[in-house]
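Quick one: structure below, then a few questions.
The values are calculated or read from the model by the stated rules, or taken from the named source; none is laboratory data. Remember, it's a predicted structure, so these values are computed and weren't measured experimentally. Glycine gets a Cβ as well: all are built from the backbone with ideal geometry, and neighbour counts include every protein chain shown. Note: areas computed on protein heavy atoms with side chains; ligands, DNA, RNA excluded. Shrake-Rupley method; radii C 1.70, N 1.55, O 1.52, S 1.80 Å.
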Amino acid sequence: MLGPMADSITLGVDEAGRGAVLGPLVLAACALTPEGEDRLREAGVADSKGFGPPKKAQARRAELAGQVRDEAQWFAITVVPPADVDRAVRRHRLNALERQVAEALLSEAPPARRVVLDGEKLFAPLAARLPGAEALNKAEDRCLAVAAASLLAKTERDRCFAEIRQRYAAEFGPVGGEGYPNVATRRFVEAYLAAHGDLPPETRRSWSWPPIMAVTSPEERGEARGFDFGE
């Protein structure tokens, strides 16, 4: 039976970095009371993707993530390395991996009245097994605890990618693109490939992206089907 505090708690789960070609996937879970939600909403907590240009957004996310940590009844973050993402993609089980990580996070969480997971198709099988859980599209806009989890996940991924930038700055200069499949990321990956004859070790080698496909086999990629990565 839920106690008085548990009866008011909402748990949110979200990820950052699913679509990136460099760096980790990060999932976070966050438990908030209604009072905590109100204070964070007043502070400006919202979907982590909505804070403008990269440098400005990172600074704002870091500021708000600190407030989330202060207000949360509980939170947890899991960083999934590129190699683990690759293993899942090759088996067409990236969705299953995300559900597994989310379930492990929630297994450590306090009892809650409501559990909200971001992504209806992705998390519906998990929500069906958890009391009080629901999987929603655009959940960051519909549930403050999910927006808070989104901030925690994205801020941790910002930190991880800052380490990648620092690792290669001396040889390649500023590394832009935040690891997503864009012009800046392609510039870095192709420069690294020209200098070292292989992809950077932080690359998700299973991704079907032209600079990766140029040096990987169909077997290594597992013939990944866009972003439909299976159950």
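Any chance you could look up the accessible area of SER107 with a 1.4 Å probe, heavy atoms only, rounded to 10 Å²?
Solvent-accessible area, nearest 10 Å²: 80 Å².
List, in order, the whole-Hz ³J(HN,Hα) value for each residue of the stretch 92-108 obtained from phi through the Karplus relation with A = 6.51, B = -1.76, C = 1.60 and θ = phi - 60°; use x for Gly and Pro.
Listing the rounded values in order: 6, 9, 5, 4, 5, 4, 4, 5, 4, 5, 4, 5, 5, 4, 5, 5, 9 Hz.
Same structure again: Considering the dipole of the chain built from charges on the beta carbon (Lys and Arg +1, Asp and Glu -1) around the Cα centre, which of TRP207, VAL89, ALA62 is farthest to its positive end?
Final value for the positive-end residue is TRP207.
Shifting gears a bit: What FRET efficiency, computed as 1/(1 + (r/R0)^6) with R0 = 45 Å and r the Cβ-Cβ distance, is obtained for ASP198 and ARG142, rounded to the nearest 0.05?
Using R0 = 45 Å, I get an efficiency of 0.55.
So in the chain, what percent of DSSP beta bridges are antiparallel if you round to the nearest 5?
DSSP beta bridges in the chain are roughly 65 percent antiparallel.
With r defined as the distance between the Cβ atoms of GLU219 and GLU35 and R0 fixed at 41 Å, what FRET efficiency is calculated, to the nearest 0.05?
Given R0 = 41 Å and the Cβ-Cβ separation, E is 0.15.
Tell me, what is the per residue accessible area of the stretch 81-123 in Å², probe radius 1.4 Å?
Heavy-atom SASA per residue in the stretch 81-123 reads 46 Å².
Quick one: what does P(r) look like for the stretch 68-203 with 5 Å bins over all Cα pairs, in whole %?
Result returned by the calculation: 2, 8, 15, 19, 17, 14, 11, 8, 5, 2, 0.
Sticking with this structure for a sec: What percentage of the solvent-accessible surface of the stretch 100-231, computed with a 1.4 Å probe over protein heavy atoms, is contributed by carbon and sulfur atoms?
53 percent
Follow-up question, since we're still on this one. How large is the dipole of the chain about the Cα centre if only Lys and Arg carry +1 and Asp and Glu carry -1, each at its Cβ, rounded to the nearest 20 debye?
About 440 debye.
Let me ask something else about it. Quick one: what Rg and Dmax do you get for the chain from the alpha carbons, in Å?
Considering the chain through its Cα atoms, Rg and Dmax are 18.4, 61 Å.
Still on this structure, please answer the following. Note the full-extension length gain between ASN182 and ALA124 as 0.36 nm times their separation in residues minus their Cα-Cα distance, in nm to one decimal.
Length gained between ASN182 and ALA124: 17.8 nm.
Oh, and also: At 7 Å along the Cα-to-beta-carbon direction for both GLU108 and ALA62, put a label point, then send me their distance in nm to one decimal.
Placing both labels 7 Å along Cα→Cβ, they lie 2.4 nm apart.
Please identify, among PHE123, PHE75, PHE172, the residue showing maximal mean-square fluctuation in a Gaussian network model of the chain using a 10 angstrom Cα cutoff.
Judging by the Gaussian network model, the answer is PHE172.
Have a look at the stretch 1-135 and give its Rg and Dmax from the Cα atoms, expressed in angstrom.
15.5, 46
To continue, here is another question. HN-Hα J couplings of the stretch 74-79 from phi, Karplus 6.51/-1.76/1.60, θ = phi - 60°, integer Hz, Gly and Pro as x?
6, 8, 8, 9, 10, 9
Keeping all protein chains in place and using 1.4 angstrom, which order do ILE77, ILE212 fall into by accessible surface area, from largest down?
Putting ILE77, ILE212 in descending order of accessible area: ILE77, ILE212.
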